[in-house]
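The values are calculated or read from the model by the stated rules, or taken from the named source; none is laboratory data. On a predicted model such as this, the values are computed, not experimentally measured, just so you know. Heads up, the Cβs are rebuilt from the backbone with ideal geometry, glycines too, and the neighbour counts pull from every protein chain shown.
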Amino acid sequence: MNLAENLRQVRAEIAAACAAARRDINEVTLVAATKYVGAATVRELSALGVRDFGENRVEDGMNKINALADMPPARWHFIGHLQRNKVKKILGDAARPAFTVIHSVEAPELLATLERHADSRKVDLEILLEVNLGGEASKNGLPLTLDAVLPLARSATACRRWRLTGLMGMAPLHTDNETARPFFRRLAELRDRLQDALGQSLPQLSMGMSHDFTGAILEGATLVRVGSRLFQ
């Protein structure tokens, strides 16, 4: 694995997609999805300038965060399915926050649990609502409709300890940059309608992974979650 070269190539593809979409490259954040690598690899990525890391599993993520406490400041994103009984673990506290961006909020019960623990531990969060772009039974997330997303979004905007900043979604299995684009486009359109309904800005669109992140950028992604392309 040549991590530096892989990162250079991914960054180059992000830059090319931004140029093709006539977007400022600073609008797109690379979130290194580090589920399958250890703390040493995360440290190496940090030395190469990566500051955003995404984890799918609570215990693995917390172990890395604790092992890398001496690393330059990083922003940790929780990008997997979050169970309510794991919420307390992932927040840390105001003196030493752990995950501060949660991409996968999809239910009122989870929202209430997040609010309770974030408030008691005085942790400020950024959250995104997860949407099931392809309606797949194997994936979590809200249906891709305004009626399905708006009630939870309204509840989220009423909470004190976080900011609702946007939506997250994954394209269906077996799509690529081109075939995934209509799904990403629909998520961007839903975000725009949701902004209008709420009367507030939702700047973040977390969409695009190793196999389709350039297509996601062309459709407006601001957070791309890239794992295997970095570690192959």
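Only residues that are more than 22 Å from residue 89 (Cβ to Cβ), touching a strand residue (DSSP E or B) at 6+ places or on another chain (Cβ under 9 Å) and either crowded, with 20+ Cβ neighbours inside 10 Å or among the hydrophobic types (A, V, I, L, M, F, W, C) (or both) were counted in segment 25-72, giving 4.
Being surrounded by fewer than 19 Cβ atoms within 10 Å (Cβ to Cβ) and assigned to a helix (DSSP H, G or I) is true for just one of 229, 191. Which residue is that?
Details: 191 fails: surrounded by fewer than 19 Cβ atoms within 10 Å (Cβ to Cβ).
None of the others qualify; the one that does is 229.
Contact map, segment 1-15: first residue over 10 Å from residue 230 (Cβ atoms), second residue surrounded by 16 or more Cβ atoms within 10 Å (Cβ to Cβ) and basic (Lys, Arg), Cβ cut-off under 7 Å, separation 6 or more or different chains; the map is empty.
Here residue 220 meets the list (1) in a helix (DSSP H, G or I); (2) on the phi > 0 side of the Ramachandran plot almost entirely, failing just condition (1).
Could you figure out which of (1) among the aliphatic types (A, V, I, L, M); (2) under 22 Å from residue 210 (Cα atoms); (3) without any contact (Cβ under 8 Å) to a residue 40 or more places away in the chain isn't true of residue 28? The one condition residue 28 does not meet is (3). Scanning segment 87-111 for residues that are surrounded by fewer than 18 Cβ atoms within 10 Å (Cβ to Cβ) and closer than 21 Å to residue 132 by Cβ yields 107, 108, 109.
Picking from residues in segment 114-141 that are in a strand (DSSP E or B) and either surrounded by fewer than 22 Cβ atoms within 10 Å (Cβ to Cβ) or hydroxyl-bearing (Ser, Thr, Tyr) (or both), the one that is nearest to the chain's Cα centre (by Cα) is 126. Residue 111 meets each of the listed conditions (1) farther than 30 Å from residue 7 by Cα; (2) outside any loop (DSSP other than H, G, I, E, B); (3) within 19 Å of the chain's Cα centre (by Cα); (4) without any contact (Cβ under 8 Å) to a residue 40 or more places away in the chain apart from (4). Tally time: how many residues in segment 94-124 are at pLDDT 85 or above, of a type outside the set (D, E, K, R) and in contact with a strand residue (DSSP E or B) (Cβ under 9 Å, 6 or more places away or on another chain)? The total comes to 12. Scanning segment 94-108 for residues that are of a type in the set (A, V, I, L, M, F, W, C) and in a strand (DSSP E or B) yields a total of 4. Reported count of residues in segment 173-187, each being loosely packed, with under 14 Cβ neighbours inside 10 Å and of a type in the set (Val, Ile, Thr), is 1. Scanning segment 143-172 for residues that are in a loop (DSSP other than H, G, I, E, B) and touching a Ser or Thr at 6+ places or on another chain (Cβ under 9 Å), we see that the one that is surrounded by the most Cβ atoms within 10 Å (Cβ to Cβ) is 171.
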